[in-house]
Amino acid sequence: YDVDSKSTNLSKHDFLGQACCTLGEVVGSLGSRMEKSLGGIHGKKCGTIIVKAEELSNCRESVMMQFCGNKLDKKDFFGKSDPFLVFYRSNEDGTFTICHKTEVVKNTLNPVWQAFKIPVRGLCNGDYDRTIKVEVYDWDRDGSHDFIGEFSTSYRELSRGQSQFNVYEVINPKKKGKKKKYLNSGTVTLLSFLVDTEVTFLDYIKGGTQINFTVAIDFTASNGNPAQPTSLHYMNPYQLNAYAMALKAVGEIIQDYDSDKMFPALGFGAKLPPDGRISHEFALNGNPQNPYCNGIEGVMEAYYQSLKSVQLYGPTNFSPVINHVARYAASVKDGSQYFILLIITDGVISDMAQTKESIVNAASLPMSIIIVGVGPAEFDAMIELDGDEVRISSRGRYAERDIVQFVPFRDYIDRTGNHILSMARLAKDVLAEIPDQFLSYMRTRGIKPSPAPPPYTPPGHPLQTQI
């Protein structure tokens, strides 16, 4: 496409052509360099596209760098220059690819650019001695930026940090060729260099962080009488209802990360036997002192049993179950445990203000909330709780991070009746945000993963060595 505006709508830009290929084609081409003709516009040659592949090194470091310039050449007729830097990574075939541009610092020959962070993969693909080329330009409004000069370096040189080794002469080869007395077009100095290793969700799991998974199920009357086939809680002997399906889909994946596989399972919005009191956080297994169920199968069993004993009622209050899990999360903030609450509900929420307050409070705790909406209701309130569009707030306080992920179950019902496929899609989308929510909690608290324990070696007989 030829870009015509800042719009993300492709129809607002001019289509220039297209090509399709597989990753295998690119990697399998000579030198992993694939050239393809662009097509897509009838009767017109659209040029060619070249795709080059290079396998990423297993490098997880990022680096934060800051540069300043000194006595750069004056390029503007009326003012000084408006300098910016362009960084290039060298490729295996000797060509260069842009990997970073700094911002423009206006009207100065001695700019200080803002520090920037870049993955070491992006800078040199983890090869510390590979050339990094840097060009210095004077910005012009019409896009015809003036070249001031260039220098080259490597990650290994930059890693020495601020020192006499990291003051670079900016050279303009054309000027150098013409003028005998030409020294340079100014200098660029590295001010700081900080390496940071990117840690992943799995680093924490390997280091022993426990995932605690809690389920909360909506037992309000709007679900319909469980004895009727129209009810969302209908117990069909031949297939799972929407609640059971959502529970199984998400639970079976999360349970692999939960080492003891004991899950507290709660219900809300029902009248309980024997006296008919209304509860918004009752244990599905009927034991408030120990609401834990053994595995997802145990949760399913407790769910089916409670459907037989409780009376569906109302209203639909979320805050009690959120506060229930938050109490546990508040007691272990050291990164050794993380809590995930799965709420499965049929819709309209009655205690929106209290729920928002609970979520804002929970956002500073090691927990995430997944809401799966089942049935045909309008889920506007749920979409609001999922802070993707607008960060959720309560009484003027904003949640410190987004901890809610909402998905409507109906988007995943496979028309062909392939429930395995729809459950896999649901689980993937429901769990997509958890690792980032988890990492944002750990990062803001400065919690690093513990080192993984050494691999297990079974106690065996010492090897008999032949003398």
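Give the range 389-406 a look and list any residue that's under 17 Å from the mean Cα position of the chain (by Cα) and surrounded by 13 or more Cβ atoms within 10 Å (Cβ to Cβ), or say none. Once the filter is applied, which keeps residues that are under 17 Å from the mean Cα position of the chain (by Cα) and surrounded by 13 or more Cβ atoms within 10 Å (Cβ to Cβ), the range 389-406 yields ARG391, GLU400, ARG401, ASP402, ILE403, VAL404, GLN405, PHE406. Apart from one condition, ALA244 fits all of (1) more than 30 Å from PHE84 (Cα to Cα); (2) of a type in the set (Gly, Ala, Ser); (3) surrounded by fewer than 16 Cβ atoms within 10 Å (Cβ to Cβ); the exception is (3). Within the range 413-428, residues that are surrounded by 12 or more Cβ atoms within 10 Å (Cβ to Cβ) have Cβ atoms under 8 Å from residues that are hydroxyl-bearing (Ser, Thr, Tyr) in these pairs: ILE413/SER422; ASP414/SER422; SER422/TYR412; MET423/TYR412; ARG425/TYR412; LEU426/TYR412, counting only partners at least 6 apart in sequence or on another chain. Checking every residue in the range 396-418 against the condition of being among the basic types (Lys, Arg) and assigned to a strand (DSSP E or B) gives at least one match. Please specify each residue of the range 1-42 satisfying the condition of being open to solvent by less than 100 Å² (accessible area, probe 1.4 Å) and in contact with a helix residue (DSSP H, G or I) (Cβ under 8 Å, 6 or more places away or on another chain). Hits for the range 1-42 are ASP4, SER5, VAL26, SER32, MET34. For the range 292-318, the candidate set comprises residues that are in a helix (DSSP H, G or I) and more than 16 Å from TYR234 (Cα to Cα); within that set, the residue that is most open to solvent (accessible area, probe 1.4 Å) is GLU297. For the range 319-356, filtering for residues that are touching a Pro at 6+ places or on another chain (Cβ under 6 Å), open to solvent by 10 Å² or more (accessible area, probe 1.4 Å) and among the aliphatic types (A, V, I, L, M) leaves 0. I'd like the full set of residues that are touching a residue at least 12 places away in the same chain (Cβ under 8 Å) and among the β-branched types (Val, Ile, Thr), limited to the range 97-140. ILE98, THR102, VAL104, VAL105, THR108, VAL112, ILE118, VAL120, THR131, ILE132, VAL134, VAL136 - these are the residues of the range 97-140 that are touching a residue at least 12 places away in the same chain (Cβ under 8 Å) and among the β-branched types (Val, Ile, Thr). Just one of the numbered conditions (1) open to solvent by 50 Å² or more (accessible area, probe 1.4 Å); (2) under 21 Å from ASN184 (Cα atoms) is not true of ARG121: (2).
The set of residues in the range 159-204 that are under 26 Å from the mean Cα position of the chain (by Cα) and open to solvent by 40 Å² or more (accessible area, probe 1.4 Å) comprises LEU194, VAL195, ASP196, THR197, GLU198, THR200, LEU202.
Being at pLDDT 95 or above and part of a strand (DSSP E or B) is a condition met by at least one residue of the range 358-368. Would the range 62-70 turn up any residue that is open to solvent by less than 40 Å² (accessible area, probe 1.4 Å), aromatic (Phe, Trp, Tyr) and farther than 30 Å from GLY24 by Cβ? Yes, there is a match, as at least one residue in the range 62-70 is open to solvent by less than 40 Å² (accessible area, probe 1.4 Å), aromatic (Phe, Trp, Tyr) and farther than 30 Å from GLY24 by Cβ. Exactly one residue out of LYS52, LYS74, LYS80, LYS45 is modelled with pLDDT under 95, more than 30 Å from the chain's Cα centre (by Cα) and surrounded by 15 or more Cβ atoms within 10 Å (Cβ to Cβ): that is LYS80.
The values are calculated or read from the model by the stated rules, or taken from the named source; none is laboratory data. No experiment lies behind these values; they were computed from the predicted model shown. Here the Cβ is made from the backbone with ideal geometry for all residues, glycine too, and neighbour counts use every protein chain on show. Note: accessible area is taken over every heavy atom of the protein model, side chains too, but ligands, DNA and RNA are not part of it. Shrake-Rupley method; radii C 1.70, N 1.55, O 1.52, S 1.80 Å.
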